[in-house]
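What follows is one structure encoded as structure tokens, with my remarks underneath.
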Amino acid sequence: MVGGGRDAFIGGVHRMAMRLDGKIDLVAGSFSSNAEKSRLSGEDLLLDPSRVYPDYSTMAERELTLPVGERIDFVSIVTPNRTHVPVAKAFLQNGFNVVCDKPLAFNLEEALDLQQIVGKTGKVFALTHNYTGYPMVKEARELVRRGDLGNLLKVVVEYPQGWLINPIDAEGKKQAAWRTNPEQAGASSCVGDIGTHAENLTRYITGLEIDEICAEFTTFVKGRRLEDDANMLVRFKGGAKGVLYASQISVGEENSLSIRVYGTKASLEWHQEDPNDLIVKYGEAPRRTYRRGNSYLSGVAQRFSRIPAGHPEGFIEGFANIYLEAARAIEAEANGQPIPADCDFPTVKDGVEGMLFIATAVKSAKGGAVWTRMSNAR
């Protein structure tokens, strides 16, 4: 692991998730840009001190000198946005597979460069858009693929949070400070951090590709350098329409990602804070609620459930499903076998699409909320 040392929220989440199915052990890391903090974090995690490194470059180089079977099989990158690509490059070019937190890169140019490197090396690259790992999200995608909703007409997706309503970034709260700092986060805060999840969830469930975006960004908290609220109208290729909003100043909201997809036959609705339910609505029939863990679900949804119906699964398990699928791919790669065709995890391509989405939204907002074509942002 690179990043995720003491006081880092997401690193702990990744460690819990990767260990959940007994397929992955954490054996090495560079857990902070501060060498002493990295060392202490390694102690916390009971790692061999010789495999706790002062920086990621040293880690990549020294791990490569270890015999096959002893060196790491992949690296998990859980650093702020600006370092995702440099770290990923260092390990890919030394022959290691990569799992990386989202968004993929600091900007679109970096993302496109990294996509080329992944292609050249042929290594496994997984991106942890964790909400695609939820069983009922996978069931929603299956319903769309089967045609149960008919032709898709409209998507409404939202991701409101309220944690940045006060200037805690200016007060030094680490998790807030880097997300609102353009030198660390890139051109966007709210859209880059959570809006990308909304875009990725939409594309994963519906298969729709965005054609144009009309975006308005607002910075409500005085002195903040990046937006803390974003509202977008979306035109999809093929004619469907969408509304996407992301907000970090919606007081009282916690992590309220939700999506509604409307088709000519039916619609569906899923809420991240109630992840085990999927609601399907009809014009001339009672609505249905599909629940995780039941035998009436598709084989895909059942495959990604671990415990019987009635026992809640959620955030950690969503991450774990991505790690589980990445582990299948990495095991195949290590054994010189083709990656299983049914492996289901976000890839570098999904990361590039996310960065293109950010770039398009930023361009639209800076232009005064004008309609902007996705391809124009490249």
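Within the straight-line cut-off of under 15 Å between alpha carbons, the aspartates and glutamates reachable from LYS237 are GLU199, GLU209, ASP211, GLU212, GLU353, sequence neighbours fewer than 8 places apart in one chain being disregarded.
Only lysines eight or more places from LYS174 in sequence, or on another chain, were considered; those with a Cα closer than 21 Å are LYS37, LYS102, LYS222.
Using the per-residue mean of other Cβ atoms lying within 10 Å as a proxy for protection, in what order, highest first, do the peptides 24-30, 2-8, 100-106, 67-73 fall?
The densest-packed peptide leads the list: 100-106, 2-8, 24-30, 67-73.
Over the chain, the fraction of Cα-Cα pairs per 20 Å bin, rounded to whole percents and listed from the shortest bin up, is 28, 59, 13, 0. Express in whole angstrom the spacing between the alpha-carbon centres of the stretch 269-291 and the stretch 25-40. First find each Cα centre; the distance between them is then 43 Å.
Taking a threshold of 20 Å on the Cα-Cα distance, which of the pairs LYS89/LYS349; LYS154/LYS281; LYS89/LYS363 fall above it?
Result: LYS89/LYS363 exceed 20 Å.
Angle between the Cα long axis of helix 35-44 and the longest principal axis of the chain, 0 to 90 degrees, nearest 10? Taking the Cα atoms of the chain, the angle to 35-44 is about 80 degrees. Angle of helix 108-121 to the longest C-alpha principal axis of the chain, folded into 0 to 90 degrees and rounded to 10: 60°. As a test of the formula, what do you get for the chain when each DSSP H run with n ≥ 4 contributes -39,500 (n - 2.57) and the sum is divided by the residue count, at 222 nm and rounded to the nearest 500 deg cm²/dmol? Taking each H run of at least 4 residues, the total per residue is -10500 deg cm²/dmol. This model, with +1 at the C-beta of Lys and Arg and -1 at the C-beta of Asp and Glu, gives the chain a dipole about its Cα centre of some 740 debye. At 1.4 Å probe size, with the rest of the protein present, what percent of the exposed accessible area of the chain is carbon and sulfur atoms? Reported share for carbon and sulfur atoms: 50 percent.
Counting only protein heavy atoms and a 1.4 Å probe, the chain has 43 square angstrom of accessible area per residue. Of MET136, MET59, MET355, the residue with the greatest mean-square motion in the GNM of the chain, using alpha carbon springs below 10 Å, is MET59. Taking the charge dipole of the chain about its Cα centre, with +1 at Lys and Arg Cβ atoms and -1 at Asp and Glu Cβ atoms, the residue from TYR282, SER50, VAL85 reaching farthest to the positive side is TYR282. The long axis of helix 196-206 is offset from the longest Cα principal axis of the chain by roughly 60 degrees.
The values are calculated or read from the model by the stated rules, or taken from the named source; none is laboratory data. Please read all numbers here as calculations on a predicted model, not as lab measurements. Virtual Cβ from ideal backbone geometry, glycine too; neighbours counted across all protein chains shown. For the accessible areas, the whole protein counts, side chains as well, though only heavy atoms, and no ligand, DNA or RNA atoms are used. Shrake-Rupley method; radii C 1.70, N 1.55, O 1.52, S 1.80 Å.
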